[in-house]
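Scroll down for the structure; my scribbles are underneath it.
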Amino acid sequence: MEARRRDRFDRRQTATAEKTLRRVRALTHCPQALTPFLDTLSRVFVDRQDVVHPKGVPTVGTYCVMVPPELIYAQGAMPVKLCGGSYTAFAVGDDTAPRDACPLVKAVMGFEDIDAMPAYQNCALMAVPVTCDCKKKLAGWLQERRPTSILHVPANRDRDADMERFTRELYAFSDSLAEITGVPLTSENLSMAFHRLAEAQTQLSRFIDLRRKHPTLIRGAFAMAAMNAMSYTWAPSWTKQLARLNDELEGLARAGTMAVKGNQPRLLLTGSPVIFPNFKLPLLIEEMGGLLAADETCMGERGLYDPPAIVDPSLNGMMRALANRATRPCTCPTFADNRRRLYRVRQMIEDYRIQGVVYHVLRGCLVYDYEYAAMEAEMERLGIPIIRVETDYNEEDVEQLRIRIEAFIELIKYGGNDR
Ligand code: SF4
Ligand code: SF4
């Protein structure tokens, strides 16, 4: 029975991931340098192999961008972002989780239940920041099955006391890392990890600058594939892959070969996480004649904000810099005060000449839904059309979404919002 269930899971999981990758590749102007990123997604989700990492280096599953990768690399392990986007795993987790839990958490529980994905199975430790109720219950559920480190995230992040508390959480997490790797945290290994990640951030800044060019050099669906692949790639390898993609895009810019026509409606996608293979929205936007010019999601730029600002180079100073970077600039709505997300989206509208906003709400994701009203009011003030789309992890709503997205794109095309 169990073997039959696994077999069914394997077939469905492979089919969905293959279909998504096929649709990504079928979009026009796919850069050659995108291939390694798509290969990584294929390796993990189609071939169901473990992530590629140096021999003897354990992997640590992380469940939010607020877990600093620097700390994990410093202590001799590799972070693997495990928030789930699989419809097949969601269907398994749907039997375990309460009906109104979000699909992302259900997918994680499904992967854990079915035990069929090496990238998940092989993690020596799980790190779950308690950001929302779903993550809190997931943390408790995982803790009963696996070595799990739970990080308490402050609801506010402006007071020094909140930062002190989160810094202590990071020290506790560091102790758990030392238990699995045998490598204690030192200022030397943390400093080396900062440099390693700074190289990735440098390439990401280059990539962001290239994405802002007008007319656009790269479709948003491609950019999101590259960012998602980072979750399963050893940082120095991902940095090299991104450097090659940046070189190709710079070559295109020099030759004046832009990826898309200048008159396609330029959309921004914001809201609940968009995790491979749940690329429903980016693909529909681009297949329906829109251009996904930018995304404000945690599998996009939010994953690698600016490098941590180190004022004090001692170990404690670097740990505080990590705590600050992980929370203070973060636009995640799980924080009580989150006006900065509005500022951020406003800034992106300027930088990317955005003409319309698609606001994504995963079913059951209350925190993002809560912030929709403020975002809608802000967009009304700016005269930018916005559409709220609620989705789940299945194909059932695709046709309805297609009609709504197409109508939204037409509205912008003929509505005269010429930026
Ligand atoms: S949406 Fe917020 S809580 Fe969820 S993974 Fe992203 S940053 Fe973390
Ligand atoms: S922030 Fe939303 S999508 Fe993320 S775990 Fe919480 S409810 Fe789920």
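The values are calculated or read from the model by the stated rules, or taken from the named source; none is laboratory data. From a predicted model like this one, the values you see are computed outputs, not experimental measurements. Positions of Cβ are backbone-derived with ideal geometry, glycine not excepted, and every protein chain shown enters the neighbour counts. Only protein heavy atoms, including side chains, enter the accessible area calculation; ligands, DNA and RNA are left aside. Shrake-Rupley method; radii C 1.70, N 1.55, O 1.52, S 1.80 Å.
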Exactly one of 136, 106 is at pLDDT 95 or above and open to solvent by 20 Å² or more (accessible area, probe 1.4 Å), and that residue is 136
Determine if the stretch 311-328 includes at least one residue that is without any contact (Cβ under 8 Å) to a residue 60 or more places away in the chain, in the same structural domain as residue 212 (by TED's automatic domain parsing) and either touching a Cys at 6+ places or on another chain (Cβ under 6 Å) or open to solvent by 10 Å² or more (accessible area, probe 1.4 Å) (or both). no
Checking residue 174 against (1) in a loop (DSSP other than H, G, I, E, B); (2) polar (S, T, N, Q); (3) open to solvent by less than 10 Å² (accessible area, probe 1.4 Å), which test does it fail? (1)
Single unsatisfied condition, residue 138 versus (1) closer than 30 Å to residue 348 by Cβ; (2) in contact with a strand residue (DSSP E or B) (Cβ under 8 Å, 6 or more places away or on another chain); (3) away from ligand 2 (no atom under 16 Å from the Cβ): (3)
For the stretch 356-392, give me each residue that is open to solvent by 20 Å² or more (accessible area, probe 1.4 Å), in a loop (DSSP other than H, G, I, E, B) and away from ligand 2 (no atom under 16 Å from the Cβ). 383, 385
In the stretch 284-324, what residues are under 17 Å from the mean Cα position of the chain (by Cα) and more than 23 Å from residue 375 (Cα to Cα)? 304, 306
Filtering the stretch 121-133 for residues that are open to solvent by 20 Å² or more (accessible area, probe 1.4 Å), in contact with a Ser or Thr (Cβ under 9 Å, 6 or more places away or on another chain), of a type outside the set (A, V, I, L, M, F, W, C) and within 16 Å of ligand 1 (Cβ to nearest atom) leaves a count of 1
With the first residue restricted to the stretch 349-370 and required to be β-branched (Val, Ile, Thr), and the second required to be within 10 Å of ligand 2 (Cβ to nearest atom), Cβ contacts under 7 Å at 6 or more apart or on different chains are 361/271; 361/272; 361/368; 361/369; 367/132; 367/333; 367/334
Name the residue that is farthest from residue 79 (Cα to Cα), counting only residues in the stretch 93-115 that are among the aliphatic types (A, V, I, L, M) and under 22 Å from the mean Cα position of the chain (by Cα). 101
Residues in the stretch 69-77: is at least one surrounded by 23 or more Cβ atoms within 10 Å (Cβ to Cβ), among the hydrophobic types (A, V, I, L, M, F, W, C) and within 14 Å of ligand 2 (Cβ to nearest atom)? no
Within the stretch 314-345, residues assigned to a loop (DSSP other than H, G, I, E, B) and away from ligand 1 (no atom under 15 Å from the Cβ) come out as 314
Within the group 184, 154, which residue is part of a loop (DSSP other than H, G, I, E, B) and either farther than 15 Å from residue 77 by Cβ or in contact with a Pro (Cβ under 9 Å, 6 or more places away or on another chain) (or both)? 154
Considering only the stretch 80-103, state which residues are under 24 Å from residue 332 (Cα atoms) and surrounded by fewer than 19 Cβ atoms within 10 Å (Cβ to Cβ). 98, 99, 100
Elements of type helices (runs of 4 or more DSSP H) contained in the stretch 1-119, each with 1 or more residues being farther than 30 Å from residue 291 by Cα and not aliphatic (A, V, I, L, M): 2-26, 69-74, 87-93, 103-114
